[in-house]
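J.: Take a look at the following structure, please.
The values are calculated or read from the model by the stated rules, or taken from the named source; none is laboratory data. Only a predicted model underlies this, so the values are computations on that prediction, with no experimental measurement involved. Cβ placement follows ideal geometry from the backbone for every residue including glycine, while neighbour counts extend to all protein chains displayed. For accessibility, only protein heavy atoms count, side chains too; no ligands or nucleic acids. Shrake-Rupley method; radii C 1.70, N 1.55, O 1.52, S 1.80 Å.
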Amino acid sequence: MTMLKYDPEICEKCETVDCLVRCQYMQFDLTQAKEEKLKLLAGESSRVLEGCATCYACEEYCPNNNHPFYLIVDRQEELSTWPVPIPLVKQQVKMMSPKGKITPGKVNTPLINLCFFPMLTGCIRGRLFDGTSLIEGSDIFCNIMWLHFAKNSVIRERLPKIIDTIQNNYLAENGINEFVCFHDECYGAYTHLAPAFGIDVPFKTVHLFEYLTKRLTVLKKEITPIRATVAYQRPCSNRLIPETQHWVDEIFNLVGVDRVEREYDRENALCCGTVLRAMQKDDIADDLQKRNLDDMQKVGAAYCVFNCPACFFTMKDMVTERGITPILMSELCQLALGQ
Amino acid sequence: MEKIYQELKKIVGDQYVSNQPEERFFYSRDGGTTEPCFPDFIVMPGSTEEVQKIVLLANERKIPITPMGAALVLSGLSRPLRGGIVVDMKRMDRILEVNEFSRFAVVEAGTSEGKLQAYLKKHHPSLKHSVPDAPPMATIGGNILIHGSGHLSALGGFHTEMLNGLEAVLPTGEIVRIGSCSVSPYWFSRAPLPDLAGLFLGWAGTTGIATKIAIKLYPDRPLNDIDIFVMEDADSVPDVIRRLSGTAVAEDITAIMTPVPEWASGFQMINVIYGAESKREQVLKRDLLRESVKKYIKDKVGGFMPLYSDMKGRFMEAPASQLVRFADVKKGGGFEYVGAIMPIEVFPDAYRKGLEIAERNGVTYSTGARIIGLGHTMMFFYAYAFNRADPIDVKKAQKALEETNEAALTIGGIPWKAEVPAQQGIIRRMDPNTFKLMGRIRQTLDPNGIMNPGNWEVPS
Ligand SMILES: Cc1cc2nc3c(=O)[nH]c(=O)nc-3n(C[C@H](O)[C@H](O)[C@H](O)COP(=O)(O)OP(=O)(O)OC[C@H]3O[C@@H](n4cnc5c(N)ncnc54)[C@H](O)[C@@H]3O)c2cc1C
């Protein structure tokens with residue numbers, strides 16, 4: 001088993017315990033946070049394990065990059081503190097397993113990795129994705145989702161195989177060394193989680209935002225500014241890669257939308273709710289979805305922009321009911337290009 | 001023969017009678033595994049009076065009559081076991097009345113489920129009837145008379161419990177009305193009269209031909225939702241069903257246990273469908289369901305699947321097209337299932353026995369149960385798909401079906417819409433006085449024994 005690259009000493013000495021004190025789903029004062037942290041370090045049970053919403057935010061809050069969230073998930077699994085009922089976990093593990101349906105073939109750069117979202121292949125079209133090729137399917141599913149299920153063991157088992165599949169079936173054969181991650185989760189998996197878990201990644205990944213920004217810059221003359229206010233629904237996986245956030249603002253500038261300041265954006269973004277429903281915590285999911293939607297409505301958002309397909313599918317109907325148009329980031333760009 | 005043919009033509013018109021080999025072939029079989037039985041004539045009446053004339057003719061000449069809806073029962077009940085006339089009811093498909101206040105519809109017995117569903121959607125969108133998962137051409141008459149069940153059975157029970165009354169042509173040709181319509185212009189109820197509907201329900205067309213049917217309708221709510229409770233301990237399923245159904249929230253509860261797709265194998269998925277007038281009601285109902293099974297959620301041994309709204313539609317579809325797809329999974333169009341009516345507590349035995357039989361016989365299977373009422377009983381089904389063009393496959397399915405019928409009886413259940421061998425199994429276990437009473441009733445109603453003979457009989 002690959003060990004988590006994690007330094008307990010850093011946590012022991014930590015004065016702020018931001019990972020817990022800033023948590024949006026559990027309340028801790030500094031003293032309580034320190035106590036709970038010590039329990040986690042000692043491998044003991046803590047109310048953190050039961051109460052964690054698995055929103056990944058503490059990975060972003062930690063000033064020391066010491067992977068507090070990955071540690072929580074390791075502890076949940078070690079102590080069998082399952083956040084989600086066991087049959088649901090087992091069923092998901094089966095459902096999302098690699099199906100061995102790899103069809104190696106000719107691909108070229110820019111290569112878009114659509115992860116395991118077959119329903120989104122229609123998004124890869126038009127001038128925005130001119131000349132790209134596409135890979136997709138269970139065999140290249142990044143598997144980061146098991147962080148929500150206390151199943152780091154599944155990540156440790158499957159991620160190296162997925163990396164191998166991508167490298168040996170798509171990249172090496174075609175002399176390619178990089179691809180664009182359509183989903184935040186993939187980029188987070190390869191650039192943040194894999195190194196923290198000690199898993200080697202032989203290729204380079206480009207975030208969709210970077211790709212979109214560059215493409216929009218090339219196509220600048222074809223853009224008709226949308227001139228609307230948007231609310232951005234930042235996904236949990238983006239907490240692993242906050243360095244990509246500036247691209248969001250750049251894309252919004254390029255397509256002519258105004259990302260209105262609102263309470264639940266950026267470091268204060270709220271979870272879409274799906275994971276909390278899997279945890280059977282519908283009351284919490286109801287509450288945070290309501291706060292999030294109220295907030296979007298209050299600032300007069302005309303669009304709610306998603307980058308995560310899971311957030312999109314979870315929230316699109318409720319957003320629409322509030323008179324706000326749900327849209328994926330790539331589709332927002334297509335709109336500006338008149339496609 | 002030619003004379004009878006000419007007389008039938010006189011009753012229904014040239015177009016609606018046939019003695020041709022093509023039609024005789026087609027009407028000799030259904031989609032299940034039973035052997036074909038050829039009719040001599042097929043006739044499609046257009047009115048109660050035409051049905052009456054056909055029955056009088058058959059009585060006079062002592063010709064067997066087999067009523068037929070869409071022949072989708074699959075257990076060969078509308079095959080003419082002793083030849084004679086198949087009376088195909090599909091032309092009698094008029095929707096005669098929809099009463100918005102007392103929530104019922106009066107239809108001709110050959111009206112298809114799909115037609116009534118579409119009609120209500122268009123003309124009475126606030127009402128719906130309980131749709132079975134059979135293909136939409138199944139008839140209301142055929143379904144009600146076999147004690148069918150469907151998408152409102154958790155709310156309203158068996159479809160026979162939703163029957164307000166009927167009109168039927170007796171085997172001797174008299175036209176009778178059963179229920180309030182025998183006294184009043186309204187087809188609102190079977191109470192408070194002596195309930196004669198039982199003379200026609202579950203008899204497989206051996207006591208007369210229903211020509212009109214009145215069924216209860218239910219509110220079609222603007223908001224509809226599904227929760228799927230997933231677990232992997234069959235022994236706990238009866239308790240979970242008892243709890244979920246006890247909330248009286250559900251319109252439909254079905255348990256699905258299927259080996260395909262692979263991710264579903266080994267789990268029991270209990271689908272609970274409910275409607276609501278408002279978001280508040282929807283959330284309240286959801287919370288009641290969660291509260292009822294909180295013990296299992298707390299122990300992490302069961303939980304509700306998180307579902308995107310786009311995924312929910314296919315689980316709530318009425319009828320469920322998934323089932324029809326499964327029915328043809330082997331291609332070649334062969335499908336039959338044992339539906340057994342059972343008490344909820346035998347679920348674990350029924351489940352294990354089903355798996356054992358399917359695996360032993362190497363058949364493609366899917367099992368499940370539809371809960372009737374507030375967990376009062378269930379229709380447990382063992383569905384077997386087979387390739388009709390492959391005789392070995394058909395034989396395997398036949399054997400599995402026979403073993404399943406026997407197992408259902410041993411467990412304490414009763415095969416539903418039982419094919420002839422399963423009827424024999426039921427009769428063997430039945431209180432002899434009950435069977436004698438059935439015989440006396442039949443003899444009284446049908447002295448010449450013309451109605452669907454071969455069913456509910458001791459083999460001579
Ligand atoms: C994929 C699939 C799914 C199914 N799901 C369900 C389900 O969810 N619920 C359910 O209840 N059933 C289900 N069925 C079983 C069956 O198809 C239905 O019950 C159907 O409604 C039977 O109606 P029918 O018109 O096909 O009747 P038929 O098969 O034609 O006849 C059934 C019996 O009733 C007699 N009969 C028919 N019409 C009359 C009449 N007017 N007067 C007197 N006797 C008559 C026939 O002689 C026969 O004995 C399913 C079948 C399939 C293939």
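J.: For region A:179-272, give me every one of the helices (runs of 4 or more DSSP H) that falls completely inside it and has 1 or more residues that are in contact (Cβ under 8 Å) with a residue 12 or more places away in the chain and of a type in the set (Lys, Arg).
T.: A:208-218
J.: Same structure, new question: A:Val107 is checked against (1) modelled with pLDDT under 95; (2) open to solvent by 40 Å² or more (accessible area, probe 1.4 Å) and fails just one. What number does that condition carry?
T.: (2)
J.: While we're looking at this one, here's another question. Residues being within 14 Å of chain B (Cβ to nearest Cβ), in a loop (DSSP other than H, G, I, E, B) and more than 18 Å from A:Ala269 (Cα to Cα): count how many of those fall in region A:50-92.
T.: 7
J.: I would also like to ask the following. Among the residues of region B:178-208, write down those that are within 13 Å of the ligand (Cβ to nearest atom), open to solvent by less than 20 Å² (accessible area, probe 1.4 Å) and part of a helix (DSSP H, G or I).
T.: Answer for region B:178-208, where residues must be within 13 Å of the ligand (Cβ to nearest atom), open to solvent by less than 20 Å² (accessible area, probe 1.4 Å) and part of a helix (DSSP H, G or I): just B:Ala197.
J.: Among the candidates B:Glu277, B:Glu291, B:Glu317, which residue alone is open to solvent by 50 Å² or more (accessible area, probe 1.4 Å) and either within 27 Å of B:Ala383 (Cβ to Cβ) or within 9 Å of chain A (Cβ to nearest Cβ) (or both)? Write out each step before concluding.
T.: On the way: B:Glu277 fails: either within 27 Å of B:Ala383 (Cβ to Cβ) or within 9 Å of chain A (Cβ to nearest Cβ) (or both); B:Glu291 fails: either within 27 Å of B:Ala383 (Cβ to Cβ) or within 9 Å of chain A (Cβ to nearest Cβ) (or both).
Step by step, each of B:Glu277, B:Glu291, B:Glu317 is checked, and only B:Glu317 is open to solvent by 50 Å² or more (accessible area, probe 1.4 Å) and either within 27 Å of B:Ala383 (Cβ to Cβ) or within 9 Å of chain A (Cβ to nearest Cβ) (or both).
J.: Right, another one. State the number of residues belonging to region B:50-66 that are within 15 Å of the ligand (Cβ to nearest atom) and either assigned to a helix (DSSP H, G or I) or open to solvent by 30 Å² or more (accessible area, probe 1.4 Å) (or both).
T.: Step one: of region B:50-66, the residues within 15 Å of the ligand (Cβ to nearest atom) are B:50-52, B:54-55, B:58, B:64-66.
Then drop every residue that is not either assigned to a helix (DSSP H, G or I) or open to solvent by 30 Å² or more (accessible area, probe 1.4 Å) (or both), which leaves B:50-52, B:54-55, B:58.
Number satisfying all stated conditions: 6.
J.: Kindly indicate the residue of region B:90-129 that is over 19 Å from the mean Cα position of the chain (by Cα) and assigned to a helix (DSSP H, G or I) and also nearest to the ligand (Cβ to nearest atom) among those meeting that condition.
T.: Of everything passing the filter in region B:90-129, B:Arg91 is nearest to the ligand (Cβ to nearest atom).
J.: Related question: If A:Ile226 passes every condition in (1) open to solvent by 40 Å² or more (accessible area, probe 1.4 Å); (2) assigned by TED's automatic domain parsing to the domain that holds A:Leu332 but one, which one does it miss?
T.: Condition (1) is where A:Ile226 drops out.
J.: Now for a different question. Condition test on B:Ala407, is it among the small types (Gly, Ala, Ser), within 16 Å of the ligand (Cβ to nearest atom) and assigned by TED's automatic domain parsing to the domain that holds B:Lys331?
T.: Spelling it out, it is not the case that B:Ala407 is among the small types (Gly, Ala, Ser), within 16 Å of the ligand (Cβ to nearest atom) and assigned by TED's automatic domain parsing to the domain that holds B:Lys331.
J.: Checking B:Thr211 against (1) open to solvent by less than 10 Å² (accessible area, probe 1.4 Å); (2) within 16 Å of the ligand (Cβ to nearest atom); (3) within 26 Å of B:Met342 (Cα to Cα): exactly one of these is not met. Which one?
T.: That leaves (3) as the condition not met.
J.: Out of A:Lys316, A:Lys298, I need the residue that is open to solvent by 30 Å² or more (accessible area, probe 1.4 Å) and away from every other protein chain (no Cβ under 14 Å). Which one?
T.: On the way: A:Lys316 fails: away from every other protein chain (no Cβ under 14 Å).
Residue meeting the stated conditions: A:Lys298.
J.: Assess whether B:Ile441 counts as being of a type in the set (A, V, I, L, M, F, W, C) and either assigned by TED's automatic domain parsing to the domain that holds B:Pro171 or more than 18 Å from the chain's Cα centre (by Cα) (or both).
T.: On the way: of a type in the set (A, V, I, L, M, F, W, C): yes; either assigned by TED's automatic domain parsing to the domain that holds B:Pro171 or more than 18 Å from the chain's Cα centre (by Cα) (or both): yes.
For B:Ile441, the condition - of a type in the set (A, V, I, L, M, F, W, C) and either assigned by TED's automatic domain parsing to the domain that holds B:Pro171 or more than 18 Å from the chain's Cα centre (by Cα) (or both) - is met.
J.: Among the listed residues B:His159, B:His151, identify the single one that is near the ligand (Cβ under 9 Å from one of its atoms), free of Cβ contacts under 8 Å to residues at least 60 places away in the same chain and open to solvent by less than 40 Å² (accessible area, probe 1.4 Å).
T.: On the way: B:His151 fails: free of Cβ contacts under 8 Å to residues at least 60 places away in the same chain.
After ruling out the rest, the residue left standing is B:His159.
J.: Just to verify a result, which residue in region B:294-313, among those that are under 15 Å from A:Phe149 (Cα atoms) and in contact (Cβ under 8 Å) with a residue 40 or more places away in the chain, is surrounded by the fewest Cβ atoms within 10 Å (Cβ to Cβ)?
T.: Looking at the filtered set, the residue picked out is B:Val301.
J.: If we scan region B:373-392, do we find a residue that is buried (at least 16 other Cβ atoms within 10 Å of the Cβ) and assigned to a helix (DSSP H, G or I)?
T.: No, that holds for no residue.
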